[in-house]
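Reading through the structure tokens given below for one structure.
Values in this text are rule-based calculations from the coordinates and carry no lab data. Remember, it's a predicted structure, so these values are computed and weren't measured experimentally. For neighbour counting, all protein chains shown are included, and Cβ atoms are generated from backbone atoms with ideal geometry for every residue, glycine included.
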Amino acid sequence: MTGENALIALFAHLDAERDHLIALGAALDDEAQALRQLALDDLLAAGRAKAAAAEAHTHIARDRLARLHAVDPDCDTLGALAARLDPADRDALDARRLELAGLLDAAAHKNAWNHTFAETGKALVEGTLRVMRGRAAGASATYGKGGRIQAGERRARVDRRA
């Protein structure tokens, strides 16, 4: 493959990576919406979409180095390749690099927020279940309202010194 064709193939590859990251971002948005609504079915569907998009991105990202080496075998990063390209190609590559970096940062940020929402939702559901279990148990023979111990009738103290 000639250098120009290899560069075109690299650009197409980076565009495909971008598309996978956009799909991942959309799946993370769907997951966030499902978490806010505590919608289990939507959450499961969003989780599957997120896993598929992340797997697809990981798979295609693994091939990036081979595409990069097809353009220039001495370059191991997009930044190193950009430094060796003519200005027009450098600008096109830098635009793609910045877009990919922005999408990756956004995905990481969304994923962190979704994790926080998930933990908060989990705590909310667990607290609600504790309250419901307490109400379903009925009156306690040991504890009265307000948490005070009620051990039956009050009895006078017995003098055991006799």
Rounded to whole Hz and in sequence order, give me ³J(HN,Hα) for the range 97-106 from the Karplus expression 6.51 cos²θ - 1.76 cosθ + 1.60, θ = phi - 60°, writing x for Gly and Pro. 4, 5, 5, 4, 4, x, 5, 5, 4, 4
Would you mind counting up the charge near L24? Only other residues with Cβ under 13 Å from its Cβ, with Lys and Arg at +1 and Asp and Glu at -1. -3
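Which FRET efficiency value, to the nearest 0.05, do you get for H59 and A80 by plugging their Cβ-Cβ distance into 1/(1 + (r/R0)^6) with R0 = 22 Å?
Efficiency for this residue pair is about 0.40.
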State the answer as a single residue: which of G79, L7, V125 lies farthest towards the positive end of the charge dipole of the range 3-132, with beta carbon charges of +1 for Lys and Arg and -1 for Asp and Glu, about the Cα centre. V125
Give me the extension gain from A123 to E99: residue separation times 0.36 nm, minus the current Cα-Cα distance, reported in nm with one decimal. 5.0 nm
Mind putting a number on the dipole of the range 3-132 about its Cα centre? Charges go on the C-beta only, +1 for Lys and Arg and -1 for Asp and Glu, and I need it in Debye to the nearest 20. 460
For the pair A106 and M132, the simple spin-label estimate (label points 7 Å beyond Cα toward Cβ) gives in nm 3.7
With N set to the number of residues, divide the alpha-carbon radius of gyration of the range 3-132 by 2.2 N^0.38 Å and report two decimals. 1.39
